[in-house]
Amino acid sequence: HDQLAALVTSFNTMAAHLGASVAEKAEKEALEYELSVARDLQRRLLPPADFACPGVGIAVDFAPAAAIGGDFYDLSYAERVLTVSVADVSGHGLPTGLVMATAKASLGMLARTGAGGVRLMELLHEEIVRTTERRTFLTLAHLVFDLAKRTVAYTNAGHPYPYRVRKDGTVSALVNPARPLGLSLSGGWHTVGEPLAAGDSWVVFSDGLIEATRTGGDESWGFERLEEVLRAGPSESAAALRDRILAAQ
């Protein structure tokens, strides 16, 4: 009787474990499906892959570190004005992805009202504070390229500065310090301008690029390495410059 009881107990335990395993697997598959749907929706919020601007070469790489990322970018073109925005929401995972979607939608809505520059930052900051928890913040680089006037206007909120790569290989960062959006001490945003020159390249990125570890090691890539790659000489196209940066990592 002891052996039979032990066998029954063992069988019941295995059955319970099997049932739990099946339930966990089903739950995991459901979660993976929901993450897949969320990831697809997040990518659909980004500009189309074939986005083009007359007279300007554009190349993009978007590779979130997690299934759902907090980085996003936006491109728009109208009446000889190209607008480029690159942003990064603090944190990782699904909650960050939800904030990213809200911020992306708010940015587009506010831009359509005609808000730009510092006013755009103020309104977006108010929206983030209103709709997210206190610890959430957003960095944003907002560049407006006026192709008719041949100027660029750059408003920043705590984001890494974009690089300008001239035809002769000279590399310079367009400096514009300011606090991120969503923080209690945010503010101090302002816009800086630069003349445009034919043949120059502009590199706008999030901190995921410079914080990425080098292949085969644990050392972050860093600004110095990026600048070294950019100084390697002019590229034939925006896509060639992007590929050179990614290949160097």
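What's the number of the only condition in (1) out of contact with any strand residue (DSSP E or B) (no Cβ under 8 Å at 6 or more places or on another chain); (2) of a type in the set (S, T, N, Q); (3) at pLDDT 70 or above that Gln3 fails to meet?
Of the numbered conditions (1) out of contact with any strand residue (DSSP E or B) (no Cβ under 8 Å at 6 or more places or on another chain); (2) of a type in the set (S, T, N, Q); (3) at pLDDT 70 or above, the odd one out for Gln3 is (3).
Determine whether Gly93 is buried (at least 21 other Cβ atoms within 10 Å of the Cβ), out of contact with any strand residue (DSSP E or B) (no Cβ under 8 Å at 6 or more places or on another chain) and not basic (Lys, Arg).
Numbers: buried (at least 21 other Cβ atoms within 10 Å of the Cβ): no; out of contact with any strand residue (DSSP E or B) (no Cβ under 8 Å at 6 or more places or on another chain): yes; not basic (Lys, Arg): yes.
Criteria not met by Gly93.
Regarding Met121, is this residue buried (at least 17 other Cβ atoms within 10 Å of the Cβ), at pLDDT 90 or above, not polar (S, T, N, Q) and not in a loop (DSSP other than H, G, I, E, B)? First the steps, then the outcome.
Working: buried (at least 17 other Cβ atoms within 10 Å of the Cβ): yes; at pLDDT 90 or above: yes; not polar (S, T, N, Q): yes; not in a loop (DSSP other than H, G, I, E, B): yes.
It is true that Met121 is buried (at least 17 other Cβ atoms within 10 Å of the Cβ), at pLDDT 90 or above, not polar (S, T, N, Q) and not in a loop (DSSP other than H, G, I, E, B).
So Ala63 fits all but one of (1) at pLDDT 70 or above; (2) open to solvent by 90 Å² or more (accessible area, probe 1.4 Å); what number is the exception?
Among (1) at pLDDT 70 or above; (2) open to solvent by 90 Å² or more (accessible area, probe 1.4 Å), Ala63 violates only (2).
Only one of (1) among the aliphatic types (A, V, I, L, M); (2) open to solvent by 40 Å² or more (accessible area, probe 1.4 Å); (3) in a helix (DSSP H, G or I) is not met by Ala101, so which one is it?
The one condition Ala101 does not meet is (2).
Taking segment 126-144, which residues are part of a strand (DSSP E or B), of a type outside the set (S, T, N, Q) and open to solvent by less than 30 Å² (accessible area, probe 1.4 Å)?
Quick first cut of segment 126-144, residues part of a strand (DSSP E or B) only: 138-144.
Next cut, of a type outside the set (S, T, N, Q) only: 138, 140-144.
Answer for segment 126-144, where residues must be part of a strand (DSSP E or B), of a type outside the set (S, T, N, Q) and open to solvent by less than 30 Å² (accessible area, probe 1.4 Å): Leu138, Leu140, Ala141, His142, Leu143.
In segment 67-90, which residues are assigned to a loop (DSSP other than H, G, I, E, B) and within 19 Å of Phe205 (Cβ to Cβ)? Walk me through how you get there before you give the answer.
Restricting attention to segment 67-90, the residues satisfying the condition of being assigned to a loop (DSSP other than H, G, I, E, B) are 67-70, 79-80, 90.
Answer for segment 67-90, where residues must be assigned to a loop (DSSP other than H, G, I, E, B) and within 19 Å of Phe205 (Cβ to Cβ): Gly69, Gly70, Ser90.
The values are calculated or read from the model by the stated rules, or taken from the named source; none is laboratory data. Because the structure is a prediction, the values reported are computed rather than measured. All Cβ positions, glycine included, derive from the backbone under ideal geometry; neighbour counts span all protein chains shown. Side chains are part of the model used for accessible areas, which takes the heavy atoms of the whole protein and leaves out ligands, DNA and RNA. Shrake-Rupley method; radii C 1.70, N 1.55, O 1.52, S 1.80 Å.
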